[in-house]
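Readers should treat all values here as calculations from the given coordinates under stated rules, not as data from a laboratory. Small disclaimer: the values here were computed from a predicted structure and weren't measured. No Cβ is skipped: glycine too gets one built from the backbone with ideal geometry, and neighbour counts run over all protein chains shown.
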Amino acid sequence: MTSCIYYVYIYYHPDKGTPVYVGKGKGDRYKDHLTWSSNKLLRYKIKEWKSSGKKPSVKFFLKNLTECEALTIEHYLIMKYKNLERGGTLYNFSLGGGGPSRYKFDHKFYERLGQVNDSVLAEEYGCCRENVGYIRRGLGIDKCDDKPNASHPPPTYGWNKVEVPEDAVKDMHTHGDNYIARKYNLTKSVVSKERKRLSIQNPLSKKKIDVIDKANDILIFEDTLTGDVFVGTSPSFCLLTGCDRSTSMKLVKGKLKKLYKRWIYKGVYNEQ
């Protein structure tokens with residue numbers, strides 16, 4: 001039987017109280033970052049806090065998990081709070097879930113932050129300029145004003161400006177960009193720019209967001225034969241049981257009472 005010895009922990013900023021790091025582990029793993037961390041950004045910040053007589057607080061999010069459950073919940077929390085690259089507060093470089101770090105930053109990268117333009121470092125390390133900027137600002141380093149390859153955009157005179165009909169604007173409240181573009185013989189980019197200028201919410205984007213939220217919800221399933229409980233996302237449950245997504249959603253929506261005559265849906269896990 002799979003041992004439930006893993007947990008998911010969160011480090012919080014000593015002053016702001018915001019989450020700054022999410023990890024999974026077992027034993028005393030959650031204490032390791034206070035002495036040394038392979039995450040250079042987190043290591044730098046903890047050292048800075050300690051020099052001021054402070055240290056981050058550490059709290060357990062969930063305990064008594066299998067490694068698969070811990071990896072799933074770790075990934076869920078990182079996607080929820082977001083790292084600096086995605087406009088969040090976390091110092092995590094990877095998205096968790098056992099995946100490798102997206103980028104490999106060595107000591108030379110950190111030494112040159114603020115000394116050269118962010119776009120130069122981004123090109124050398126294969127990441128985007130915003131990624132370098134998030135890390136630099138997180139370390140409190142001012143940007144370099146040197147702008148290599150800077151050039152002014154060509155002048156525009158409005159010769160290619162396309163007027164969007166009033167009826168098309170009305171349809172933006174009820175239809176997506178592709179439908180409007182086909183109906184009024186416009187390009188999707190023209191419709192999208194006009195929607196953004198008028199601050200009209202795309203009705204289809206909200207549906208997509210709802211689907212994503214359901215996919216990222218932490219759900220609870222119980223094996224009625226063994227008594228085991230699975231806590232994780234719907235895609236992770238599909239990987240565990242071998243069922244397809246539509247079947248798992250039938251179980252969640254109550255259209256299917258039991259999966260394989262054993263698994264039942266218990267509900268959504270609510271963070272305490």
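Annotation: aspartates and glutamates with alpha-carbon distance below 16 angstrom to LYS47 (same-chain offsets under eight excluded): ASP15, ASP32. Which log10 I(q)/I(0) values does segment 6-86 give at q = 0.11, 0.12 Å⁻¹ under the Debye formula, counting every alpha carbon as one identical point scatterer? Ignoring solvent entirely, the Cα scatterers give -0.28, -0.33. Magnitude of the charge dipole for segment 217-268, about its Cα centre and with charges confined to Cβ atoms of Lys, Arg (+1) and Asp, Glu (-1), is about 320 debye.
Positive end of the dipole of segment 6-86 (Cβ unit charges, origin at the Cα centre): among VAL22, HIS75, VAL58, the Cα lying farthest that way belongs to VAL58.
Of interest is the spacing of the C-alpha centroids, which for segment 1-28 and segment 51-81 amounts to 3 Å.
Neighbour counts of C-beta atoms inside 10 Å place MET79, MET172, MET249 in the sequence MET249, MET79, MET172, starting with the fewest.
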